[in-house]
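Report on one structure; see the data block that follows.
The values are calculated or read from the model by the stated rules, or taken from the named source; none is laboratory data. Here the structure is a predicted model, which means the values were calculated and not measured. Virtual Cβ from ideal backbone geometry, glycine too; neighbours counted across all protein chains shown.
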Amino acid sequence: MANNSATPPDYIPSGIPGLDVILNGGLLRAGFYLIQGNPGSGKTTLSLQFLFACAQRGERGLYISLTESRRDLIRTCLSHGWDIDAIEIADLTRSEANLKSENQYSVFHPSEVELGQTTQAIFAEVERIQPQHVVFDGLSEMRLLAERPLRYRHQMLALKAYFEDRGITVLLLDDQSNQMGAIQPESLVGGNIILERYLPGYGGARRRIYVTKVRGATFRDGYHDYEIEEGGLVLYPRLVAAEHPEAARREVQSSGIELLDKMLGGGLESGTTTVLLGPAGAGKSTLSMQFVAQALERGEQAAVYTFDEVLETLFERSEKLCAHGVRQYVENGQLHVQQVNPAELSPGAFTNEVRRAVEEDGAKVVVIDSLNGYLSAMPEERFLITHLHELFAYLNQQAVLTFMVVAQHGMIGSMATPVDVSYMADTVLLLRYFEMNAEIRQAISVFKKRTGAHERTLREIRITATGMQVGEPLVDFRGILTGVPEYHGTTRGLPDEEPTSS
C-alpha cells in the first residue's frame, strides 16, 4: 500500500525570540523568503541574527549585499555583540557591475548565454562559499538593474531556481522602493514577512511584524509587536487565550479583612478578574495590594504593574499591609513590581511581560494599576480593549487572581469611566466618597460577582496607619453614591479614630 501521508516540514530555528512561534516552528529549510520593510524596521538585524544562529549550529551562512558595505555591517554586528567572522560577507556595493553604466541592464534569465557581472559575482560567491543559508540584501537595486518588469520577473525566477537546485535557504531583503507596476515580489517567493515601523505622537518608535504567506506551512496570522534590543530582534507573538490549557485548580482567596470577605461571600476566586472602580484616592490601589499582601504571606508569587506612580510610593503605601513589609518579598523574588514607562511600551511587550511572570515566576496574583495609565501609555494603539480581553481570559485560564484598577473621572456624585471594561470582569468593586458629619469618608460595595453570592450593602472603609478597616453595613443611609447621603437611623459607620499623641 502506498504511503500517502504528507512529509512533515523541515524547520530551521531562526534564533529570533518569538519568530518561530509566529511561523509555527521556524523557517522552512531551502525556503525562498522575502523580508519587506521600510528603512529602520530591522530587516538587516533580523537577517544577520538568523545567520549567526545558523553559525552557532555549525551551518554556513552568506550575506550578499548590494546596499550596505562591509563596514556598515560590521558596525551593526558590533552594536549587538556579534562576531562578524562567524559568517561570510560578499560586499558587492563597489563591484564592477555597479560602477559601469553598461552593466545596469543585466538580465536574470535561465536561458541566457551570458549573465551580467552582478549575476556572475553573486553566483561566484555562492559557489566559493557553498553556504546552506543566504541573505540577499538589495532587491530594489536588482529592480533598477532589470529596468523592465518582465526582465525583473525572469531574473527573480532564475534566482529562485538557482537556489532551489542547491537546497539553500534564502532571505531576500526589500526596502519596498522602486516598485515595478503590477509585478510584486511577494508573488514570486514562497514566504513573505513584512516589518513595519512608525512613530506615535509621543514616545519611541513602534514596530510590528506580520506574515502574509508561507507555502507548505502554517503560520500565526495578524500583527505581532517587536522591539530591537542589544542582541537583535525580540518578537511578541499575539496572545490567543484559547491556545492555553485551563488550569483545573481554583481556590477562594481571602483578603485578610473579615468584613470585606463577608461582603465577597468568603473572598475572591482564583481564575477571576476583579475591576476596582472609583475616583482618585478612594483606596483602589491599597485594596488590590491588600490581596497581594495576603498572597505573599501565604507563600505565593505575585506581580504588580504600575503605570501611575513610582515604586517608592507604592512601597510606602503597602508596607502597613504586610507584617514585615513588601520590600523583603521584592528582594527575595516572591513579588515582581514593575513601573511601566508610559512612552516606551507596546501592547505585545506588556502582554509578554505578564506571561513571563505567570509562566516562569508562577505569579498567582496580578495587579494592573491602572487602566487609565495603560490607555495613556498607548493612546494611538487600536484594539487595546481586545488586547485586554485576551489577557484577562488567559490569566483566568491560568487560575490567576487578576486586579484591574480603573480611576473614574470626578470626585463626588456622578462618575465617568474612561473605557467600560466592567463587562470583562467577574467581580466589580465600587468605591465612593461621601460626606458625613462635615467629613469626607469612603464607602465600598460589591457591584457584581459572577462566581457566587455577595452582599449588596455599602460599608465604610478607612485606610489607617495599621492597614485597611471595613465597617458595618450603612443601612441607615440613602444616597451615598451621590456623595451627599441622607441619614435615617442610628448607624454611624466606623468609629472615629482617637487622636494620636505627638
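Here is a check on your reading of the model: is Leu239 of a type in the set (A, V, I, L, M) and either part of a strand (DSSP E or B) or touching a strand residue (DSSP E or B) at 6+ places or on another chain (Cβ under 6 Å) (or both)? Outline the logic, then answer.
Working: of a type in the set (A, V, I, L, M): yes; either part of a strand (DSSP E or B) or touching a strand residue (DSSP E or B) at 6+ places or on another chain (Cβ under 6 Å) (or both): no.
So Leu239 does not fit the description; no.
Mind checking which residues of the range 280-301 are assigned to a loop (DSSP other than H, G, I, E, B) and either closer than 25 Å to Phe434 by Cβ or of a type in the set (Ser, Thr, Tyr) (or both)? Hits for the range 280-301 are Ala280, Gly281, Ala282, Gly283. Taking the range 328-353 as the range and being in a helix (DSSP H, G or I) and either hydrophobic (A, V, I, L, M, F, W, C) or surrounded by fewer than 16 Cβ atoms within 10 Å (Cβ to Cβ) (or both) as the test, the residues that pass are Gln328, Val330, Glu331, Ala349, Phe350. Counting only strands (runs of 3 or more DSSP E) that fall entirely inside the range 428-489 and contain at least 1 residues that are of a type in the set (A, V, I, L, M) and more than 39 Å from the chain's Cα centre (by Cα), the qualifying elements are 439-449.
Pick out the one residue from Phe307, Phe291, Phe315 that is farther than 23 Å from Gly471 by Cβ and surrounded by 21 or more Cβ atoms within 10 Å (Cβ to Cβ).
Being farther than 23 Å from Gly471 by Cβ and surrounded by 21 or more Cβ atoms within 10 Å (Cβ to Cβ) holds for just one of Phe307, Phe291, Phe315, which is Phe307.
Within the range 173-189, being touching a Leu at 6+ places or on another chain (Cβ under 7 Å) and either at pLDDT 75 or above or not in a loop (DSSP other than H, G, I, E, B) (or both) holds for Leu173, Asp174, Pro185, Glu186, Leu188, Val189. Inside the range 434-446, residues that are at pLDDT below 90 and either surrounded by 15 or more Cβ atoms within 10 Å (Cβ to Cβ) or in contact with a Gly (Cβ under 7 Å, 6 or more places away or on another chain) (or both) make up a count of 4. Search the range 236-259 for residues being touching a Ser or Thr at 6+ places or on another chain (Cβ under 9 Å) and of a type in the set (A, V, I, L, M), and hand back the single one that is farthest from Tyr394 (Cα to Cα). The extreme case among them is Val252. Among the residues of the range 249-279, those identified as assigned to a loop (DSSP other than H, G, I, E, B) and of a type in the set (D, E, K, R) are Arg249, Arg250, Glu251.
With the structure loaded, tell me whether Val275 is buried (at least 20 other Cβ atoms within 10 Å of the Cβ), of a type in the set (A, V, I, L, M) and outside the structural domain of His387 (by TED's automatic domain parsing) or whether it fails that test. Criteria not met by Val275.
Checking the range 292-307 against the condition returns a match, with at least one residue being within 26 Å of the chain's Cα centre (by Cα), assigned by TED's automatic domain parsing to the domain that holds Phe350 and at pLDDT below 90.
Picking from Arg94, Arg57, Arg71, which residue would you name as being modelled with pLDDT under 75, more than 20 Å from Asp174 (Cβ to Cβ), basic (Lys, Arg) and surrounded by fewer than 13 Cβ atoms within 10 Å (Cβ to Cβ)? Spell out the reasoning first.
Values: Arg57 fails: modelled with pLDDT under 75; Arg71 fails: modelled with pLDDT under 75.
Testing whether each residue is modelled with pLDDT under 75, more than 20 Å from Asp174 (Cβ to Cβ), basic (Lys, Arg) and surrounded by fewer than 13 Cβ atoms within 10 Å (Cβ to Cβ) leaves just Arg94.
Every condition in (1) in contact with a Leu (Cβ under 9 Å, 6 or more places away or on another chain); (2) within 21 Å of Asn396 (Cα to Cα) holds for Gly266 except the one numbered (1).
Annotation note: of Arg197, Arg151, Arg143, Arg208, the sole residue that is in the same structural domain as Phe50 (by TED's automatic domain parsing) and either closer than 20 Å to Gly61 by Cβ or touching an Asp or Glu at 6+ places or on another chain (Cβ under 6 Å) (or both) is Arg208.
Pairing each residue of the range 307-334 that is within 22 Å of Leu345 (Cβ to Cβ) with any residue that is modelled with pLDDT of 85 or more and among the hydroxyl-bearing types (Ser, Thr, Tyr), provided the two are 6+ apart or on different chains, yields C-beta distances under 7 Å for Leu314/Thr306.
For the range 210-232, a residue qualifies if it is closer than 17 Å to Leu345 by Cβ and surrounded by 13 or more Cβ atoms within 10 Å (Cβ to Cβ), and the qualifying residues are Tyr223, His224, Asp225, Tyr226, Glu227, Ile228.
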